[in-house]
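To start, the structure itself, in structure tokens.
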Amino acid sequence: MAPTQKNRLTSGGRIDRSKPLSFKFNNRKLQGYQGDTIASALLANDISTVNRSFKYHRRRGIMSAGVEETNALLTVSDGKGDVPVVRTTVRALVDDHQIKSPSGFPSVNFDLGRVLDFTHRLWTAGFYNKVFKWPNWHWYEGMVRRMAGLGNLPGGEDGNRYFHHNLHCDLLIVGAGPAGLAAALSSVTSGARVLLVEQDHELGGSLLANRALINAVDSDLWISRTRSALEEAVNVTVMTSSTVSGYYDHNVLTIIDRSTVGVKRFWKVRAKEVLLATGAIEQPLVFENNDRPGIMLAHAAMEYVNRYAVKPADVMVVVTNNDSAYQVAFTLYDNGVRVPAIVDARKNIANEIVQQANQRGIPIMSNSVILNTFGTSVLSSVRVGTLSDDGKSTVNPTDEIACQGLAISGGFNPSSDLYSQAGGNLQYAAELACFVPMQCRQRVTVAGAAQGKFSLAEALTEGACAGSEAANKAGFTCAPIDVTTSTTSSYNLKAVRITPAGDSSRKWVDFMADVTVADIELAVRENFVSVQHLKRYTTTGMSADQGKTSNLNALTLLAELTQKPIGEVGTTTFRPQFMPVPMGAIAGQRHGDFYTPARLLPAHDWHVRHGAVFENYGAWKRPEYYATNGRDRETAIREEVLALRRSAGLFDGSPLGKIELTGPDAGEFLNRIYVNNVLTLKPGRIRYGLMLSENGIIIDDGVFARLADDHYLVSTTSANADRIIAWLEEWHQCEWPDLEVIISTVTSQWGVTTIAGPNARVLLQGIESDIDFSAQALPHMSVATGTLLGVPARVQRVSYTGEMSFEINVPAIQSQRVIEALMNLGGNRIAPIGVEASLLLRTEKGYLHVGADTDGMTNALDVGFAGIVAKKQSDFVGRRSLLRADDQRKDRRQFVGVEPLNDNENLQSGAHFVTPQDEGRRSQGIVTSACFSPTLKRIIGLGLLERGFERKGETVTVFDDGRTFDVRITEPVFYDPSGEKMNA
Amino acid sequence: MNGYSFLSVVRQALNGHKGWPVVWRSPEPKKNYDVVIVGAGGHGLATAYYLAKNHFIKNIAVLEKGWLGGGNTGRNTQITRSNYFWPQSAAFFDHSLKLYEHLGQELNFNVMLSQRGMLTLAHSLHELEGMRRWANAIKINDIDAEVLTPIEVKKLVPLIDLNCRFPIRGGFIQHRGGISRHDAVAWGYARAASAYGVDIIQQCEVTAFNISSGRVTGVHTTRGTIGADKISIAVAGHTSELARMADFRVPVTSMALQAMVSEPIKPCLNTVVMSPIIHMYASQSDRGELVFGGGADLYNSYAQRGGIPLLQENIAALLELFPAFSRLRLMRQWAGIVDITPDTSPLMGLTPVQNLYISGGWGTGGYKAIPAGGETMAYTIANDQPHPLIEDFGLERFESGALIDEGAASGVAH
């Protein structure tokens, strides 16, 4: 035995003494063994104070051996960085662990923060609501924030890898204690797909802390046989080191799986049936100074002895209100711990138990409770008192009983978090003084201690029954297996957990949030009597343990103080997560490039080779501009614009939304969607149109082509492609299912290459194609289908730049070939054009950019569609809204062009048109696009301006970042207003 | 209000805090009230308070089917800001922020307003242009706003990853924006209203309205019938249900909006951060938890719980901006039901039923509006005409088309 491990037993336990591990606690070098948790190793080394409490900075020691731990949440470094709030009671010790107490200044053993404890009477529940109002909260906030928090942000790189998994199963069994194992064994033969999930790295649950005879063999043997049987069955999957953390609607549960070192897996499981065998959590007793290091839950003390071969202290008093703690006392005694007394709140104790205590010479103090505990740094003694006849006070205080440890048992409370998350109701079981599951709308059953069956025999038999029943309910057939134990256990709890004496401001209800009985009394006095108010006002149950050992006692107190039955005060809502889950695991691989996988153009590689600088446009990576010959952004955009205006430009428009509609009612359908008249469009022709929301607001613009009588091709803006397909489907499926039309999105099927400019036609005519590109055969706003370079092609004469323009659609995979052919043919007569140049070109032409030049208030009338709306006789989406008084108002913000009076003024998008200062400055609209036009060699812009249509030529003031200057309002079209070039 | 001070805490400490009075009374309902407010959330309680304080109406009941402050008031992410685009919204929400700035003192109850700044991120140059548009609107409305460069963003929020999947190109900040303590707002108003004699009646669900010849005269509740001259509805999450009981319809859809918190850690995020593109907002509470959320669950629901897809979405978004949070653990997730109107602006004012008033449609942003919502609704009820600040937020706008679309300005697709 390593010399430091003073409290380590020489034999027994599930640790491997041949594998010593060294670790550091607050820079002190210590040793433990493989199989230890961090907490058990600390206890073995006689470390009693591990942390300071949240509010009063009191010393705190390890209080549990499980997930309910409230004190030993420490900062642990695994070499990669410090991770705070690690539950050391369930974290396996590994070699070289560096463990630190997160609080305590200068150290956890000498903490100046203790001054808060000396002045504790000031810091009651909600004190901060009563003070810190002057001059304002911000003055005090920094200090309060620095004191809060359970550790620092994790440091260093996150070395974990995170994965997501999905699984369906017929039966999900949560918890592999006696009940869960018996249930799993029962369901094996059914053929159902069974998933058994256990948070510990070993199966067995309570049996690991307290062995028993099951089916006449030692439980260790029974567990290993069970494990083999389950692992051999092809229909059963066993997951260990995995915690079911959330129970959602439709029987979907989430699991955080830590079974692989350095990997965290987040599982989503959809289960036909769920069986919760989640066990129960021992509840603390409430008495004066019940938070001293050395005081721990009774069954935790037993687990440290039996599982980890650690005695928590040399001398331990056991205090209980039920039979179960006697087993603890006997285990402690049998392993060399002196037990000076068992303090029992009950008057009548079963003879059998009394005899066993007598045999060991352990005195029982019945009808008694702990009055107070003493000690300077750690526990040194306790004082006991007798309950009065009415149980409302205590009499006959004893002398101090010396001890270094105190094992407390207030009985068990079923672990109902998941059941409650599932929407299940709990009811108060008076004889057990705890809440048990009652009914749930989801397909879930509960077995064993989780259902309030605290004896091993019941857990085994009921687990076996519940397992086969759940499998049967899932549609499979099996019978419960026979599983029995000769170990008998009794419970006989008396519902006394709170000593009716002592200073209530020193009696802790919630160790983690540092909430005392006095806080709860104060809350009730101030009328925070709803259980939710009590929780929020006192913060009981709101800390990182979510009240696993404090909610029940708080509710009991609330019921007592308000003189209501506990069942009536109810419980607060349990929410996911049962155990906090690393956020990286929930995000999984959705990070960086995978956060939103980039969509690449079909000719991406070509753009890369030709100097494209890419930018995100939604999920697409598109060439913002081409840094040909190392030119900068401004130069590139200017040269691209000029190249297109002078000769020809090539633009990759593949992300353009493309939706095909076919069927006899395709035209009728679109006619109801578009503001424009669709029915008059002849096959082979194209029209520009607007789509509106029900409120008349422009949601998208673009062209639609009639490819054949019953076949349309709709183009949406790139950004809205997904939204518009959903929009069309919604109208078709929900409102007009009678229309015969099939809507299919073909955005990524077709690559789009636009060639535009005065030389566009000449260039195109040099390409192998059966399409006639002449002005007569293919005028502006018409479409031709045929082949190009031997592949199917659709060529649309549409323009977003104001130049003669051909939009060539070919199968996406051929897109790069078309680009290469055109560029080779064009040589220096053609240049690739990036998105920014394209947007600039359309600004010169005064074309709308929906989402930039329009906002959530812009209707069809505001952009000059009044004539088209008036002419259309039939109904369309949004029409009714355009008839409303406000939509017809003359002073609406309308689409205009704008140019600064003074060429030196840097007109920028985002500036506002404002009323003169002397009229009270008010926004009259916004500059929605602005740029220096390389073509016109001056600054131009577009905007939305109140009464804009009638203000052409007016001078208006704009405001931008505190600066104002004057601009002239113009027609929105700056380039080729007659359309001569475009129609060429 | 008074009674709470450092001195009174010290004095009470000396006698074991035995002398504190109830924060609010819990009386039995009377037969009749001048005004009944349905819903004891922030808005309902504030309305009662300002009715009593500003309009001297004291015979008021606030009816609550659960526990006061238990709806969206107690479920939101506590963000307080007034960086709105349209002048009507700006005037209303900035008035609210100004009331918040002195609320702790006015109510004699510390609501822990922390004006640590509300930063909105831009992830593209076009978004930055949109932000310029937005920031200019705010400035014209005489509210503070500052456009920031990426370097300035990084300085303010050192943990942020500027080079995330959608690199950060800048942002803008409202320095007066921040967070406060939601429960304290409800409790503070409840205490102050109760002190004025307002009856706050919890566990009292309204099941029907008494309406005769187009005029409301009372309510049926699970605790009996209660008569009232005037009634106001303030039940975020259930506005359409209550309207249906009174036989009129409101253009509202209800969805679950999730919020979640990490385990508490020492201060590491000192600004409220919001990204409209990586749909996420986050702040760190005074207790040390990261409090964050994102978009609403994608289906209509009255169930106050969230699903897994949005949980994953929100956390992925948070980690994309703050990779350093990946090893922090998620402690708790919950949801509230938000009433969303077609233009994402609230509904306030008169209803088709005489003497029946409504405050709802708060969408995802009702918390920050509590003081102004209460004050203006009190005026509206007392005078039977909308307060000037909320004239444009009435139900009529859905008939006239005079919408106030803040969705567009806040970067949400329209």
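Every number in this text was worked out from the coordinates using simple rules, so none of it is lab data. Please read these numbers as outputs of a predicted model, since none were measured by experiment. Please note: Cβ atoms are built from the backbone with ideal geometry, for glycine as well, and neighbour counts cover all protein chains shown.
Miscellaneous remarks
- Of A:G126, A:S77, A:Q31, farthest towards positive along the dipole that unit charges on Lys, Arg, Asp, Glu beta carbons give region A:1-157: A:G126
- Among the residues of A:130-143, the average count of other protein chain beta-carbon atoms within 10 Å of the residue beta-carbon is 6.
- For residues of A:516-526, the mean tally of beta carbons on other chains within 10 Å: 3
- Exceedance of the 18 Å cut-off in Cα-Cα distance is limited, within the set B:K31/B:K58; A:K29/A:K100; A:K6/A:K29; A:K871/A:K952, to A:K871/A:K952.
- From most to least packed by mean Cβ count within 10 Å, the peptides A:344-356, A:413-425 give A:413-425, A:344-356.
- Rounded to two decimals, the Cα-based Rg/Rh of region A:600-666, with Kirkwood Rh, is 1.13.
- Dividing the radius of gyration of the alpha carbons in chain B by their Kirkwood radius gives 0.97 for Rg/Rh.
- An oblate overall shape is assigned to region A:432-538, the ratio a/c of its alpha-carbon gyration tensor axes (a ≥ b ≥ c) being 1.5 or greater and a/b not exceeding b/c.
- Cα gyration tensor shape for region A:657-745, rounded if a/c is under 1.5, else prolate or oblate: rounded
- Packing, taken as the mean count of other beta carbons within 10 Å per residue, orders the peptides B:203-212, B:49-58 from highest to lowest as B:49-58, B:203-212.
- Within straight-line cross-link reach of A:K272, lysines at Cα separation under 17 Å, skipping those fewer than 8 residues along the same chain: A:K473
- Bridges between two residues of chain A, per DSSP, are antiparallel at a rate of about 75%.
- Percent of Cα-Cα distances greater than 28 Å, calculated over region A:1-157: 29
- Basic side chains Lys and Arg get +1 at the Cβ, acidic Asp and Glu get -1 at the Cβ, and with that the dipole of region A:419-523 about its Cα centre reaches some 220 debye.
- Averaging 1/r across all pairs of distinct Cα atoms in region A:106-262 and inverting the result yields a Kirkwood radius of 20.4 Å.
- Partners for A:K981 among lysines (Cα-Cα distance below 20 Å; same-chain residues under 8 apart left out): A:K845, A:K937
- Only Cα pairs under 8 Å and 6+ residues apart enter the sum, and on that basis the relative contact order of chain A stands at 9 percent.
- Computed over region B:113-255, Cα set: Rg, Dmax in Å: 23.2, 64
- Fewest-first ranking of A:I214, B:I308, using other Cβ atoms within 10 Å as the exposure measure: B:I308, A:I214
- Distances between every pair of Cα atoms in region A:878-970, grouped in 5 Å steps from 0 to the bin holding the largest one, split as 3, 14, 24, 23, 16, 9, 6, 4, 1, 0 percent.
- Above 26 Å, the calculated P(r) of region B:290-414 contains 36 percent of its Cα-Cα pairs.
- Convex hull volume of the Cα atoms of the protein assembly as shown, normalised per residue: 193 Å³.
- GluC sites (Glu not before Pro) restricted to DSSP loop in region A:385-476 with at most 13 other C-beta within 10 Å: A:E431
- Region A:657-745, relative contact order [Cα under 8 Å, separation at least 6], %: 40
- For region A:456-602: rounded, prolate or oblate by the Cα gyration tensor [a/c cutoff 1.5]: oblate
- Angle between chain A longest axis and helix A:138-147 axis [Cα atoms, degrees, rounded to 10]: 50
- Pairs from A:K130/B:K230; A:K24/A:K264; A:K658/A:K872 whose Cα-Cα separation, in the structure shown, is over 28 Å: A:K130/B:K230
- Of all lysines in the structure, those lying under 24 Å Cα to Cα from A:K392, and not within fewer than 8 positions of it along the same chain, are A:K347, A:K494, A:K507, A:K564, B:K18.
- Sequence-separation-based contact order of region B:1-130, relative, with Cα cut under 8 Å and 6+ spacing, percent: 20
- Sorted peptide list for A:649-660, B:60-71, criterion being average Cβ within 10 angstrom, highest first: B:60-71, A:649-660
- Shielding by other protein chains, B:22-32, mean Cβ within 10 Å: 2
- Helices in the protein assembly as shown, meaning DSSP H runs of at least 4 residues, each add -39500 (n - 2.57). Divided by all residues, the mean residue ellipticity at 222 nm is -7000 deg cm²/dmol.
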